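First up is the structure itself, then whatever we jot down about it.
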Amino acid sequence: MQMAWKEVKKSKMKFLILGSIIFLVSFLTFIISGLANGLSEDNAALIKNVPNGQFYLNEDAKQTYNLSKIDIDQQDKLLADYKGATAMSIQMGFVNDTDDKQHSVAFVTSTDSELFPNVKDNEVVLDASLKDDGIKVGDILTNNQFSGEFKVVGFAEKQTYSHAPVAFISMKNYQEIYRVMEMQTVFIPGSDSPDSIKGLESFNNKEFLNTIPSYGAEQMSLNMIIWFLVVISGMLFAIFFYMMNVQKIGLYGILKAIGVKTISLFSMMWYQMLLITAVSLVLSVGLSQVFSMVAPAGMPFSLPIETSLLLSGVFLVIGFIGATISGFQIKKVEPLQAIQQGEM
Amino acid sequence: MAIFTIDDVEKTFKSGDVSEKILKGVDLDLNEGEITALVGPSGSGKSTILTIAAGLQKATGGQVLFEGKDMTQMSQEEIRKIRSSEFGFVFQSSHLVPFLTVEDQLLLMLDVAETKLNKKQQKQEVSKVLDLVGMSHRKDAYPSSLSGGEKQRVAIARAIIHQPKMLFADEPTASLDSKRSKEVMEIIRNLTKTLKITTLMVTHDEDMLPYADRIVTMKDGLIE
Ligand SMILES: Nc1ncnc2c1ncn2[C@@H]1O[C@H](COP(=O)(O)OP(=O)(O)OP(=O)(O)O)[C@@H](O)[C@H]1O
Ligand SMILES: [Mg+2]
């Protein structure tokens with residue numbers, strides 16, 4: 001495909017413009033995707049860190065974990081029947097530090113489990129982000145619903161829920177603060193096809209995330225922007241190649257007249273599209289990775305390289321479709337038309 | 001010996017309800033290695049018969065025999081193959097590829113014609129042909145920097161580099177002044193004689209007629 005490359009070389013400006021548009025759109029897409037992902041972790045890292053499995057809520061809870069209560073006998077039976085099962089509860093709340101400053105946290109408690117830190121009564125393990133607020137191991141925290149005091153015994157990395165840092169506390173302390181005996185949910189790891197359990201409704205991790213108020217809405221709007229950008233870039237390809245092809249109708253005609261196959265003309269366009277997209281994507285993947293390294297600590301931004309590659313693949317496919325659709329006119333060009341059109 | 005036979009070819013153009021018969025049964029034999037000049041008044045159908053013969057449009061009646069095979073019965077793909085390897089074209093404007101250098105234009109033609117030459121042989125062939133048309137010194141130039149006569153010489157080089165059996169030329173000198181026209185005709189004549197290419201050429205220019213072996217006049221869609 002020498003001819004395709006030679007055209008790019010000769011008409012640098014034209015292809016540079018297309019390339020920079022693709023670069024900008026894809027860069028923007030990567031940044032927004034990084035933000036969406038960052039926000040989603042900020043919102044629900046606690047759940048996202050849990051391996052795949054099923055969360056069981058009470059059927060009467062209207063799919064809201066806050067309203068769910070699992071009967072204690074049933075909980076004991078489930079924990080005995082399923083290996084690795086954990087009963088747990090989450091409630092938003094506050095802790096006051098030694099300076100009486102209030103920090104909003106998500107209290108989490110669970111039965112003994114490898115998934116969450118095991119904390120003794122009157123102890124607390126906090127999300128590491130609270131270190132930035134000046135809280136240290138050994139500090140004493142209080143809560144106005146709680147008769148005792150929490151001693152900070154450690155920090156856990158990336159444990160947030162509903163945009164708040166998680167505070168892991170013991171079940172006994174939790175039961176005192178929220179005045180409930182029952183846990184909200186039982187998590188059973190690893191079951192792809194959930195066993196149906198009488199009186200309970202099962203949710204896989206993703207479904208459970210969507211029961212968090214705000215999570216679904218937040219992710220939906222960001223994802224909509226992402227896909228919108230992807231579609232726009234596909235249309236850009238289509239429009240750009242359409243305009244370029246219109247300009248080249250005469251050339252295509254003459255090439256067909258001397259016997260160039262239509263498929264060669266298409267390959268020429270595909271090659272150019274691939275080249276430009278690949279270069280633009282390499283640049284924007286690189287730059288967005290740099291951005292994710294230098295992004296300010298407070299900014300929820302997380303862009304795993306897999307996500308970038310996946311989106312890049314989507315861009316390539318979309319670009320290919322856009323270019324091909326606009327290429328249909330190549331097929332229609334009659335050699336004679338070009339010859340009668342005169343000088344190009 | 002006729003290598004190319006146009007036999008009772010008709011062409012009717014339809015637009016809506018109106019249909020107009022432009023060619024009314026054209027008969028013409030082209031002898032191997034000869035240059036046939038096609039002359040006649042404007043609108044008499046010269047370009048139409050030339051493009052039909054060249055496989056660029058279909059006749060509505062009659063036969064077009066190239067080496068005894070009827071092109072009107074061939075598929076698009078068969079005709080494309082013949083056009084790419086057996087035919088060469090020169091038109092009033094040179095129709096060069098704007099983003100290819102003179103050398104690349106000719107290399108492209110060798111690729112399209114699927115000649116069995118390797119890269120090195122291709123380059124040799126290109127420089128030989130560029131010598132013949134006197135354009136060796138501009139082999140790295142792009143079409144936009146060439147004069148009209150130079151472009152036309154490159155177009156001729158492109159039309160014959162793959163050693164076609166037929167050359168179709170529609171007013172190849174119409175865009176050139178009389179001095180350049182003669183140079184270009186000289187080149188066409190020399191090349192087609194050396195390479196034994198059979199040529200059908202439409203021209204308006206009486207000065208070009210001495211370069212032809214045979215002159216055929218068209219009038220109102222018929223050969224006189
Ligand atoms: N695609 C077409 N549709 C309808 N009419 C056409 C078409 N092509 C050519 N014609 C008509 O056919 C007639 C012959 O055209 P042609 O181009 O063959 O003439 P010509 O002899 O080459 O003329 P000139 O010397 O001016 O080039 C003209 O009247 C022209 O208008
Ligand atoms: Mg004409």
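Please get the size of the charge dipole for the protein assembly as shown, origin at its Cα centre, with Cβ charges of +1 on Lys and Arg and -1 on Asp and Glu, quoted in debye to the nearest 20. List each step's numbers first, then the result.
On the way: 54 positive and 65 negative charges, 487 e Å.
Here the protein assembly as shown has a charge dipole of around 2340 debye.
Inside 10 Å of the C-beta atoms of A:254-265, what's the mean count of C-beta atoms belonging to other chains? Mind dumping the intermediate values first?
Working: counts 7, 4, 4, 11, 15, 16, 7, 5, 2, 0, 2, 0.
What the average comes to for A:254-265 is 6.
Could you work out the helix-only [θ] at 222 nm for chain B, with each DSSP H run of four or more residues adding -39,500 (n - 2.57) and the total divided by the number of residues, to the nearest 500 deg cm²/dmol?
Values: 6 runs with 75 residues, N = 224.
Mean residue ellipticity at 222 nm (helix-derived): -10500 deg cm²/dmol.
What does the highest-first list of B:33-41, B:120-128 look like by mean Cβ count within 10 Å? Display every interim value, and only then the final one.
On the way: B:33-41: 19.6, B:120-128: 14.8.
Result, highest mean first: B:33-41, B:120-128.
Rounded to the nearest 500 deg cm²/dmol, what is the calculated helix-only ellipticity per residue at 222 nm for chain A, with -39500 (n - 2.57) per DSSP H run of length n ≥ 4? Can you show the working numbers first?
Details: 11 runs with 179 residues, N = 344.
So the calculated ellipticity at 222 nm is -17500 deg cm²/dmol.
In the structure shown, do any of A:LYS12/A:LYS248; A:LYS69/A:LYS172; A:LYS83/A:LYS198; A:LYS48/A:LYS198 have a Cα-Cα gap over 21 Å, and if so which? Write down the numbers at each step before the final one.
Details: A:LYS12/A:LYS248 16 Å; A:LYS69/A:LYS172 16 Å; A:LYS83/A:LYS198 19 Å; A:LYS48/A:LYS198 26 Å.
Beyond 21 Å between Cα atoms: A:LYS48/A:LYS198.
Set the Förster distance to 22 Å, then compute FRET efficiency between A:LEU16 and A:MET243 from the Cβ-Cβ distance, nearest 0.05. It would help to have the intermediate numbers written out before the result.
On the way: r = 15 Å, r/R0 = 0.70.
Calculated value: 0.90.
Considering every residue in A:333-339, what mean count of other chain Cβ atoms within 10 Å of its Cβ is obtained?
Values: counts 0, 2, 8, 6, 1, 3, 10.
Counting Cβ atoms of other protein chains within 10 Å of each residue's Cβ and averaging gives 4.
Rg and Dmax of the protein assembly as shown, Cα atoms, in Å?
38.8, 118
With a probe of 1.4 Å, find how much accessible area chain A has per residue, and write the answer as a whole number in Å². It would help to have the intermediate numbers written out before the result.
Details: 16730 Å² over 344 residues.
Accessible area per residue, chain A: 49 Å².
With just the Cα atoms defining each centre, how far is the stretch A:276-300 from the stretch B:1-63? Give it in Å.
Between the Cα centre of the stretch A:276-300 and that of the stretch B:1-63, the gap is 63 Å.
If each Cα of the stretch B:14-78 is one equal point scatterer, what is log10 of I(q)/I(0) from the Debye formula at q = 0.21, 0.25, 0.27 Å⁻¹?
-1.04, -1.32, -1.42
Across all directions of projection, what mean area in square nanometres is found for the Cα convex hull of the stretch A:47-212? Mind dumping the intermediate values first?
Values: hull surface 36.0 nm².
In nm², the orientation-averaged hull projection of the stretch A:47-212 is 9.0.
log₁₀ I(q)/I(0) of the stretch A:57-115 at q = 0.26 Å⁻¹, via Debye over equal Cα point scatterers, no solvent, to two decimals?
-1.10
Farthest toward the dipole's positive end in chain B, which of B:GLN124, B:GLY40, B:ILE79, given Cβ charges of +1 (Lys, Arg) and -1 (Asp, Glu) about the Cα centre?
Checked the options; the winner is B:GLN124.
Residues of the stretch A:1-47 losing 40 Å² or more of accessible area relative to the isolated chain, 1.4 Å probe, heavy atoms only?
At a threshold of 40 Å² (probe 1.4 Å), the residues of the stretch A:1-47 that become less exposed are A:MET3, A:LYS6, A:LYS10.
Within 10 Å of each Cβ in peptide A:244-251, how many partner chain Cβ atoms are there on average? Round it to a whole number, please.
For peptide A:244-251, the averaged partner shielding equals 1.
Interface A/B, total buried accessible area with a 1.4 Å probe, nearest 100 Å²? Working shown, then result.
Numbers: alone 17810 and 10890 Å², together 26590 Å².
So the total buried area for this chain pair works out to about 2100 Å².
Above 18 Å lies some portion of the pair distances; for the stretch B:94-224, what is it as a whole percent of all C-alpha pairs?
Details: 4644 of 8515 pairs.
For the stretch B:94-224, the fraction of Cα-Cα distances above 18 Å is 55 percent.
What is the dipole size for the stretch B:2-223, taken about its Cα centre, with +1 at each Lys and Arg Cβ and -1 at each Asp and Glu Cβ, in debye to the nearest 20?
Values: 29 positive and 32 negative charges, 128 e Å.
Dipole of the stretch B:2-223, to the nearest 20 debye: 620 debye.
Over the stretch B:2-223, with every protein chain in place, what whole percent of the accessible area is carbon and sulfur at 1.4 Å, could you tell me? Before the final figure, lay out each step's value.
Working: 4470 of 9540 Å².
Carbon and sulfur atoms account for 47 percent of the accessible area of the stretch B:2-223.
Over the Cα atoms of the stretch B:2-223, what is the Rg over Rh ratio if Rh follows Kirkwood? Walk me through the intermediate numbers first.
On the way: Rg = 17.4 Å, Rh = 17.9 Å.
With Rg and the Kirkwood Rh in hand, the quotient comes to 0.97.
Can you give me the % of accessible surface on the stretch A:47-212 that is carbon or sulfur? Probe 1.4 Å, all protein chains present, nothing else counted.
45 percent
So what is Rg over Rh here for the stretch A:146-263, counting just Cα atoms and using Kirkwood for Rh? Before the final figure, lay out the partial values.
Values: Rg = 28.8 Å, Rh = 21.2 Å.
Answer for the stretch A:146-263: 1.35.
Give me P(r) over the stretch B:1-45, computed from all C-alpha to C-alpha distances, binned every 5 Å, as integer percentages.
6, 17, 19, 23, 16, 10, 6, 3, 1
Skip the ligands, DNA and RNA, and give the accessible area per residue of chain B with a 1.4 Å probe, whole Å². Could the numbers behind the result be given before it?
On the way: 9860 Å² over 224 residues.
Heavy-atom accessible area per residue stands at 44 Å².
The values are calculated or read from the model by the stated rules, or taken from the named source; none is laboratory data. Because the structure is predicted, anything quoted here is derived from the model rather than measured. FYI the Cβ positions are ideal-geometry reconstructions off the backbone, even for glycines, and counts take in every protein chain you see. We work out accessible area using only protein heavy atoms, side chains counted, and drop any ligands, DNA or RNA first. Shrake-Rupley method; radii C 1.70, N 1.55, O 1.52, S 1.80 Å.
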